[in-house]
Amino acid sequence: MSQNTMPVLTIDGPSGVGKGTVARIVAQKQNWYLLDSGAIYRAFSLAVDAREVDITDEKALGKIAQTLDLEFKTQLGNELVSVYLDGKDVSTILRTEKTGEMASKIASIGVVRTALLKRQKDFAKLPGLVADGRDMGTIVFPDAPFKVYLTASADERANRRLKQLQAQGSKGIILQILAKVKARDERDSSRKHSPLKPAKDALIIDTTELSIDEVIAQVVALIEA
């Protein structure tokens with residue numbers, strides 16, 4: 001079945017716009033599979049770090065990507081349950097700030113994106129897929145029938161990140177978080193391979209002043225229309 005006949009919803013956008021939450025809830029509502037593409041790059045980054053490989057060594061990075069022992073334990077229509085790398089559960093460390101920063105840098109390398117592309121495409125299967133990432137609608141599933149691009153102001157996204165850290169019992173300085181948000185935006189949108197940008201046919205939703213329920217309502221309406 002081709003991508004344009006497979007029910008695929010892509011949800012792209014920068015960090016802090018609510019992609020993960022929206023993707024999980026919509027997948028549950030539609031009873032579709034879920035692809036958290038960021039988890040793939042984060043897990044790959046952990047593998048690179050564990051092997052102490054220099055990220056400028058593209059040959060070594062390509063080899064790791066091709067032989068990555070990665071397992072996602074999911075349930076149809078439910079959020080990601082756990083991620084196993086080399087047989088070990090890395091679900092918790094996967095979501096740390098350090099791993100996210102590593103993943104953002106490594107994700108800009110062409111050989112890595114090429115090697116991990118097929119793994120992402122393989123998630124598309126019936127009854128449907130919700131794909132959350134940064135290039136889902138432009139590169140991974142360009143023929144997807146449903147595309148959404150979420151955005152929000154940098155200040156709002158920094159505030160959301162601060163609240164996440166506080167909820168986890170960690171501390172953060174808003175100006176430092178804001179600087180990291182802006183730096184990652186610049187890195188993701190200006191990278192040579194698969195830069196962050198909306199697909200031409202994507203529905204763009206600014207979540208700055210919207211609740212999660214309001215965003216989900218717009219996304220579901222797109223699918224049902």
Check: Can you tell which of Leu35, Leu203, Leu129 shows the greatest fluctuation in a Gaussian network model of the chain with Cα springs below 10 Å?
Finding: Leu203
Next item on the list: Measure out, as a whole number of angstrom, how far apart the alpha-carbon centroids of the range 7-79 and the range 145-171 sit.
Entry: 18 Å
Notebook entry, point to check: Over the range 104-199, how many percent of alpha carbon pairs lie in each 5 Å bin up to the one with the longest distance?
Noted result: 2, 11, 18, 18, 17, 15, 12, 5, 1
Margin query: Stokes-Einstein diffusion coefficient for the chain at 4 °C in a medium of 1.567 mPa s, Rh from the Kirkwood formula over Cα pairs: what value in µm²/s?
Written below: 73 µm²/s
Check: For the chain, modelled as a Gaussian network with Cα springs under 10 Å, which listed residue fluctuates most, Asp185, Asp36, Asp86?
Finding: Asp86
Margin query: Could you tell me how many cubic angstrom of Cα convex hull volume the range 11-110 has per residue?
Written below: 104 Å³
Checklist line | Under 14 Å, Cβ to Cβ, from Val219 - net charge with Lys/Arg +1 and Asp/Glu -1 | finding: -2
Next item on the list: Quick one: accessible surface of Leu126, probe radius 1.4 Å, all protein chains present, in square angstrom to the nearest 10.
Entry: 100 Å²
Notebook entry, point to check: Given the pairs Lys63/Lys121; Lys125/Lys147; Lys88/Lys197; Lys29/Lys200; Lys121/Lys147; Lys121/Lys180, which span a C-alpha to C-alpha distance of over 24 angstrom in this model?
Noted result: Lys88/Lys197; Lys29/Lys200; Lys121/Lys180
Next item on the list: For every other residue with a beta carbon closer than 12 angstrom to the beta carbon of Leu116, add +1 if it is Lys or Arg and -1 if Asp or Glu, then tell me the sum.
Entry: +3
Margin query: Can you compute the helix-only [θ] at 222 nm over the chain? Use -39500 (n - 2.57) per DSSP H run of at least 4 residues, normalise by all residues, nearest 500 deg cm²/dmol.
Written below: -14000 deg cm²/dmol
Checklist line | Diffusion constant of the range 129-179 at 4 °C, which comes from Stokes-Einstein with the Kirkwood Cα-pair radius and 1.567 mPa s, µm²/s | finding: 99 µm²/s
Item checked: GNM result for the chain, Cα springs below 10 Å: residue of Ile174, Ile40, Ile25 fluctuating most strongly -> Ile174
Checklist line | log10 of Debye I(q)/I(0), alpha-carbon scatterers only, for the range 185-225 at 0.16, 0.29 Å⁻¹ | finding: -0.58, -0.96
Notebook entry, point to check: Which value, in debye to the nearest 20, describes the size of the charge dipole of the chain about its Cα centre when Lys and Arg Cβ atoms bear +1, Asp and Glu Cβ atoms bear -1, and nothing else is charged?
Noted result: 320 debye
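The values are calculated or read from the model by the stated rules, or taken from the named source; none is laboratory data. None of the values given here were measured: they were computed from a predicted structure. Quick reminder, even Gly has a Cβ in these numbers, built from the backbone with ideal geometry, and neighbours come from all protein chains shown. Side chains included, ligands, DNA and RNA excluded: accessible areas come from the protein's heavy atoms. Shrake-Rupley method; radii C 1.70, N 1.55, O 1.52, S 1.80 Å.
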